[in-house]
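Peer 1: My structure is below; once you've seen it, I'll send some questions.
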Protein chains: 2
Amino acid sequence: MNDNISSLFFNAQHSPIGAFSSFTIGYPGAKGGLGLELGAPANQNVYIGIQSRDGEYYEAMPFCDVAPGDDEAKRYDVEHSDRGIVEETVASHKPIRIFGSGAISRTFAVSTDSWRGGDLEFTVYSPVMPVPDPATASDDELRFALAPVVLTELTVDNSQGTEARRAFFGYTGSDPYAAMRRLEDTSEGRFIGVGQGRMTAIAARGDSVNAALGFSIDTILSNDHSDNFAFSLGNCGLLLMDTPAGQRCTFQIAISFYRGGLATSGLDTNYLYTRWFANIEDVCEYGLSHFAEYKAAAELADRDFSPDGLSTDQCFMIAHSIRSYYGSTQLLEHDGEPLWVVNEGEYRMMNTFDLTVDQLFFEIRMNPWTVRNELDFFLERYSYHDYLQFPGDGEVHPGGVTFAHDMGVGNVFSRPRFSSYELSGLRGCFSYMSQEQLVNWILVAGVYIEVACDENWRNANLETLKACFLSMLNRDHPDPEKRDGVMSLDSSRTGGGAEITTYDSLDESLGQARNNIYLAMKCWAGYVILQRLFDSTGNGNLAAHANDQAKRCANTLISHMTSDGFIPAVLEHGNASKIIPVIEGLAYPFFAGCAEAVKPQGPYSGLLSALSTHLTNVLVPGACLFADGAWKLSSTSNNSWLSKIYLCQFVARHILGISGDQVTARADGAHVAWLTDNDNAYWAWSDQMLSGRAVGSRYYPRGVTSVLWMYELSVYEPK
Amino acid sequence: MNDNISSLFFNAQHSPIGAFSSFTIGYPGAKGGLGLELGAPANQNVYIGIQSRDGEYYEAMPFCDVAPGDDEAKRYDVEHSDRGIVEETVASHKPIRIFGSGAISRTFAVSTDSWRGGDLEFTVYSPVMPVPDPATASDDELRFALAPVVLTELTVDNSQGTEARRAFFGYTGSDPYAAMRRLEDTSEGRFIGVGQGRMTAIAARGDSVNAALGFSIDTILSNDHSDNFAFSLGNCGLLLMDTPAGQRCTFQIAISFYRGGLATSGLDTNYLYTRWFANIEDVCEYGLSHFAEYKAAAELADRDFSPDGLSTDQCFMIAHSIRSYYGSTQLLEHDGEPLWVVNEGEYRMMNTFDLTVDQLFFEIRMNPWTVRNELDFFLERYSYHDYLQFPGDGEVHPGGVTFAHDMGVGNVFSRPRFSSYELSGLRGCFSYMSQEQLVNWILVAGVYIEVACDENWRNANLETLKACFLSMLNRDHPDPEKRDGVMSLDSSRTGGGAEITTYDSLDESLGQARNNIYLAMKCWAGYVILQRLFDSTGNGNLAAHANDQAKRCANTLISHMTSDGFIPAVLEHGNASKIIPVIEGLAYPFFAGCAEAVKPQGPYSGLLSALSTHLTNVLVPGACLFADGAWKLSSTSNNSWLSKIYLCQFVARHILGISGDQVTARADGAHVAWLTDNDNAYWAWSDQMLSGRAVGSRYYPRGVTSVLWMYELSVYEPK
């Protein structure tokens, strides 16, 4: 554990891949648990603990509230609040105490999360591995990558003990529909377990393992009648594991999730994993039977994602962000075809395209087919054609193809051609992002084609790429002579409003789309990439045209450089905000086979030079640095987004060659401090930080832009 | 509406049959809504209202909180709490006001619930009809009885208006997994609607009907861009219905529920209705297409269940209790065979047998096959064999067959031979009910056989009935000579504890099973019924033996009559409690073809006479009457149960011939006042009243014992 990380007690997601689920622990109190399809921790009690050496009490990890609450049993025995089950059935009551925080240690990595307290230690193993392409992979490969299970190894060291000691691992269910249950009723002898309904479960094997249900952990641990472990009216379920005196025993536990049948509406889909798992019992059995392989894979992933050359802070943020990404992933199946969805953290929007373009860098590394899958479904169901208007002008101009902001929200696919999010008549949050999602499709396609070497897909989508180019041109200016490479018209979909960017909750320095230099640079990247794609497919005229647009865009940006050495965020109305994300766009050509375009001495040397100057001048206290050294994306907003900071750190160092303490170590330290601050640590990895406070985009998948840092190491060239 | 009912604002369940769901409204605030598989109201806002005549504001029924809460939109636009969607998109903001309570009227019956406020009126129609036997009924008949839908007719009287006025009907969803959605995306033009995920929906037809989603009712009603009605990030969904100036328009609305796929665990079952409805869209379409038939059926049911001869208070309690019963019903299917489950209200235990025996009187009237279904499944999966012990004595005596307390809880079937509820080692709540559930099986079987004239079933279960008889005998005394007809041994399942009765939360006057006169009288009824069943199947010796047991039991009870003219509740340890339910057992022979046995001049005239004396003497203030005239089941407990009171009122009047104000009118008035008291009215129909306060068994199905009152009318003879 990094000594710089002030607190051990931050929530982390421990998630299967593509199961939209998370076993979340780390934050004190009933603040974690087994969450399926939620936008936040499940807020369950998680009970992990051990009997004391003298046998007189239990010690538990702090992931629960053990203060005696309103006894649930009283709801049944209404006239006898003084007559509890506990008093009647126990000889002696053994209290539960929480380990002192000084008695707990934690070792945290991308795939393993290890805790120790007293004579108890446990490690949670989460799968971090590529998802093979379902079109070509074997069932065995897919099943292993997609099993909706995370695993835990729990060790009780009773070598010093003189009596058998009991350990427990369990939770209080929070599903409103189904009760808790014991899995031995349905496991056909394969394992012992507790779970809730058909959706969540924990399971283990072994002669000394018991499963117990009750109103509370107290009633279970104090109950002397093991016959009564099947009592099913309470919401508490525990695995009980006994370790004989003088021994050290290790227990393997599967933490499983399952949603059978149709999982979404709007479009009927099921989880792809239901191909191999008929129910949660199958999942538990598979996880326990493949424990060793998952453990080995986890240790491999830990090494992969903490390479030499990256700092402890960097590795921490990579690990933490990948975990929250996987918690939002959901691999569905529609009409026999896979459908890859990344839900948007606390908001649960599905495949929000302006997140896809950032998560791209992780997905092309792990499983490029998911990128293709997203592109295909955006084109098939969530593309639309619009018209365009200048602001305040009623005249309608030709538009073109573009893409919806997202594919739905909370397991509901939105209707074709529309997102769940975009509204007419607005100029701020919830307005349309027509220009941005158009360029996002181009950028994602360009990177995918290059990294996957997928010429077939490129050729099949060439007409779409041409239509996208035309749509880009029309958004610049209806008169070709007047084009400057920068968006000047808003989509008719805005209904008289104005388009926004992904930075929907910032001020206009990043929130307004039209004439915004952040978006302009992404458009520049789009033109650069289109030039290459047209060139490589024998469309020389189009390539030249795209090149011309890229140059116009570059020249426009360069021409707006102020005497103070920065480019104002919005090229109109005297805006003077200073922003970092103008450099974001440089990342895409780098990965799309156009690395030449982002070289300091390349064809856009003037642009590169201007951006270097810009960044050097804005990355200073009072402009784009907070007092603690954290990056402030805009000089005029206190809302700064870690995912974008990570991306821009990569561009600054690896493309612009700007390094130093303010770019890396000091900034990273501040960003880690944000994430682990007690006010924020409940939400696992979060994106939007308002002066360091996680206020939005919490429990969020977008932080995997952190993997870009690995490409700064020589061994991780993009190709 | 009965003038005696002090408040209109009590929650009532409006439920399909067998769908374990309820549209609950009536109590002010966000205290009702569309609940699926819940043990309580869904606590959603239900929005039903209309634009004012001057168009400047809206008036709503009080089933919602309209105080502006924390604006959900702020979670997305974190830096601009002053920038809302509403301000940006509306010309003028129209406030929502709640109708004054004096401006609202309500007419309440078993199948219709009609409300009026200002120029708005609406009626909810809930199906109340027999469920035909799936073994013999046609698909059409079953589909009509089991469609998981309730219907609403809403009328806007704008005949005095000079402008079109908008009405709304909707709710805020509370499912944790799926978002709200508009059903026109999937209805293929069949209707307009809003819903949440695949589980709940409201739908209507008509050109002037729109469906809208939003963060709040305020943002929807104030939004001038109808394009934006599809915005899907909020939890509020409304049907919007416009009525032109000078017109009166009626809108038909389907309120639908759906659970697809496997609905339970422990045992894999699905809802039977999934045979005919592939999804909630099918349900909406069916409901809207059969509106007229459902409305006609509802009006018929209203007449059936408010016959001449019953008071308004009686009819109110019949209607209210039947509604809560249906909200707990759940018709499942396992391996192609139907499985009838009545969930236990707030506790959600499945087919709690000591409720089944009370709900029997309703089910044999409506659909006797469900009674047979329950008996069969108790025998097949939830019967067990035990041994017996005298209290404090280690010697083990032969026991016999008996039945578990329930079949599971909260959609989880418990393991075979065990309930979810019963625990070892107890003497109070949660202990075993082995004797009581044994006699319950006999009583239910006897009544079923008689009412359904099902000799085949009787003959097929004759060996079981014989085994039950033997099990009864063994619980009396291992030495035949010492048998007195009353239970004296506890089941080995209690593990050294003591058996209890259904009155698990009362003191020992009703809670203890052994030597309890309530249970003794049910055993007497069991022997009487067994005598008849053995007689009618040519088992004369067994019949004589059963007759002998019945006589012993009667003599035991008579012999304990005190000089004060009552029989103490428990025939040991000098217990002196006075209880009403000793008379419960008289109801079963009456319905099982043994009416002769309960006639004052019949073979048990001594017993009947003793019980008449007993009831007359205990039904007095200071013993078994509360100060307000409500019945107090035990002189030593303040916990009184309405379902049991209803049953005993029937027995008192119709079997014992005891009537008068304290038996009927004054008691009924007090019981209605309990149910409609503001402290209790949230829970719809509740059973356990602690000095008139609903403290347990709320939202409960058991109150259908009220239908017994209908058998007191000459037109409703049991056969």
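Peer 1: Within the stretch B:258-292, count every residue that is assigned to a helix (DSSP H, G or I) and either within 8 Å of chain A (Cβ to nearest Cβ) or among the small types (Gly, Ala, Ser) (or both).
Peer 2: Result for the stretch B:258-292: 3.
Peer 1: Contact list please: Cβ distance under 6 Å, first residue in the stretch A:258-284 and at positive phi, second residue open to solvent by 40 Å² or more (accessible area, probe 1.4 Å), pairs at least six apart or on different chains.
Peer 2: What qualifies is A:GLY261/B:GLY261; A:GLY266/B:ASP185.
Peer 1: Test of understanding: among B:ASP335, B:ASP354, B:ASP308, B:ASP302, which residue is within 26 Å of B:ALA592 (Cβ to Cβ) and out of contact with any Pro (no Cβ under 8 Å at 6 or more places or on another chain)?
Peer 2: When all the criteria are applied, what remains is B:ASP354.
Peer 1: Take the residues in the stretch B:417-458 that are more than 14 Å from chain A (Cβ to nearest Cβ) and of a type in the set (Asp, Glu); name whichever of them is most open to solvent (accessible area, probe 1.4 Å).
Peer 2: This residue is B:GLU455.
One line per residue, one yes/no per condition, for (1) within 14 Å of chain A (Cβ to nearest Cβ); (2) over 27 Å from B:MET689 (Cα atoms); (3) modelled with pLDDT of 95 or more:
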| residue | (1), (2), (3) |
| --- | --- |
| B:HIS573 | no, yes, no |
| B:LYS578 | no, no, yes |
| B:PRO581 | no, no, yes |
| B:ALA597 | no, yes, yes |
| B:LYS632 | yes, no, yes |
| B:THR636 | yes, no, yes |
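Peer 1: Restricting attention to the stretch B:148-160, which residues are touching a strand residue (DSSP E or B) at 6+ places or on another chain (Cβ under 8 Å) and not hydroxyl-bearing (Ser, Thr, Tyr)?
Peer 2: Within the stretch B:148-160, B:PRO148, B:VAL149, B:VAL150, B:LEU151, B:GLU153, B:LEU154, B:VAL156, B:ASP157, B:ASN158 meet the criteria.
Peer 1: Among the residues of the stretch B:474-510 satisfying the criterion of being open to solvent by less than 10 Å² (accessible area, probe 1.4 Å) and in a helix (DSSP H, G or I), which is farthest from the other protein chains (Cβ to nearest Cβ)?
Peer 2: Out of the qualifying residues, it is B:ASP476.
Peer 1: With the requirement that a residue be aliphatic (A, V, I, L, M) and part of a loop (DSSP other than H, G, I, E, B), what does the stretch B:18-32 give you?
Peer 2: Answer for the stretch B:18-32, where residues must be aliphatic (A, V, I, L, M) and part of a loop (DSSP other than H, G, I, E, B): just B:ALA30.
Peer 1: Next up: Determine, yes or no, whether B:GLY336 is surrounded by fewer than 23 Cβ atoms within 10 Å (Cβ to Cβ), within 13 Å of chain A (Cβ to nearest Cβ) and without any contact (Cβ under 8 Å) to a residue 40 or more places away in the chain.
Peer 2: no
Peer 1: Could you say whether any residue in the stretch A:219-242 is touching a Lys or Arg at 6+ places or on another chain (Cβ under 9 Å), open to solvent by 50 Å² or more (accessible area, probe 1.4 Å) and more than 10 Å from chain B (Cβ to nearest Cβ)?
Peer 2: no
Peer 1: Select from the stretch A:191-211 the residues that are touching a residue at least 40 places away in the same chain (Cβ under 8 Å) and small (Gly, Ala, Ser) and write down the one among them that is surrounded by the most Cβ atoms within 10 Å (Cβ to Cβ).
Peer 2: Only one residue tops the list, namely A:ALA201.
Peer 1: Which of the residues that make up the stretch B:165-182 are more than 9 Å from chain A (Cβ to nearest Cβ) and open to solvent by less than 20 Å² (accessible area, probe 1.4 Å)?
Peer 2: Selection gives B:ARG165, B:ALA167, B:PHE168, B:PHE169, B:GLY170, B:TYR171, B:GLY173.
Peer 1: Condition first: among the acidic types (Asp, Glu), at pLDDT 95 or above and within 30 Å of the chain's Cα centre (by Cα). Can you find one or more residues in the stretch A:469-486 that meet it?
Peer 2: No, the stretch A:469-486 contains no residue that is among the acidic types (Asp, Glu), at pLDDT 95 or above and within 30 Å of the chain's Cα centre (by Cα).
Peer 1: How do the pairs read when you match residues in the stretch A:619-633 that are within 16 Å of A:PRO568 (Cβ to Cβ) with residues anywhere that are at pLDDT 95 or above and among the β-branched types (Val, Ile, Thr), using Cβ under 6 Å and keeping only pairs 6 or more apart or on different chains?
Peer 2: A:CYS624/A:ILE580; A:CYS624/A:VAL618; A:LEU633/A:ILE580
Peer 1: Report the residue count in the stretch A:458-476 for those that are among the aliphatic types (A, V, I, L, M) and under 11 Å from A:LEU533 (Cβ atoms).
Peer 2: Result for the stretch A:458-476: 2.
Peer 1: For B:SER114, all conditions in the list (1) touching a residue at least 12 places away in the same chain (Cβ under 8 Å); (2) open to solvent by 20 Å² or more (accessible area, probe 1.4 Å) hold save one; what is the number of the exception?
Peer 2: Unmet condition: (1).
Peer 1: Taking the stretch B:391-416 as the region of interest, how many residues are in contact with a Ser or Thr (Cβ under 7 Å, 6 or more places away or on another chain) and more than 9 Å from every other protein chain (Cβ to nearest Cβ)?
Peer 2: Number of matching residues: 10.
Peer 1: Do you know which of the residues in the stretch B:640-691 that are out of contact with any Leu (no Cβ under 8 Å at 6 or more places or on another chain), in a loop (DSSP other than H, G, I, E, B) and open to solvent by less than 10 Å² (accessible area, probe 1.4 Å) is farthest from the other protein chains (Cβ to nearest Cβ)?
Peer 2: Within the stretch B:640-691, the match that is farthest from the other protein chains (Cβ to nearest Cβ) is B:ALA684.
Peer 1: Can you name the strands (runs of 3 or more DSSP E) wholly within the stretch A:113-183 that have at least 1 residues being modelled with pLDDT of 95 or more and of a type in the set (Asp, Glu)?
Peer 2: Result: A:120-125, A:149-157.
Peer 1: Does the stretch A:362-378 contain at least one residue that is among the charged types (D, E, K, R), more than 25 Å from A:THR274 (Cβ to Cβ), under 11 Å from the mean Cα position of the chain (by Cα) and in a helix (DSSP H, G or I)?
Peer 2: No, because not a single residue in the stretch A:362-378 is among the charged types (D, E, K, R), more than 25 Å from A:THR274 (Cβ to Cβ), under 11 Å from the mean Cα position of the chain (by Cα) and in a helix (DSSP H, G or I).
Peer 1: Scan the stretch B:700-708 and tell me whether some residue there is more than 12 Å from chain A (Cβ to nearest Cβ), more than 16 Å from A:TYR76 (Cβ to Cβ), more than 17 Å from the chain's Cα centre (by Cα) and aliphatic (A, V, I, L, M).
Peer 2: no
The values are calculated or read from the model by the stated rules, or taken from the named source; none is laboratory data. If you're wondering where the values come from, they're calculated on a predicted model, not measured in any experiment. Ideal geometry is used to build each Cβ from the backbone, glycine not excepted, and the neighbour counts take in all protein chains shown. Calculation scope for accessible area: heavy atoms of the full protein, side chains included, ligands and nucleic acids excluded. Shrake-Rupley method; radii C 1.70, N 1.55, O 1.52, S 1.80 Å.
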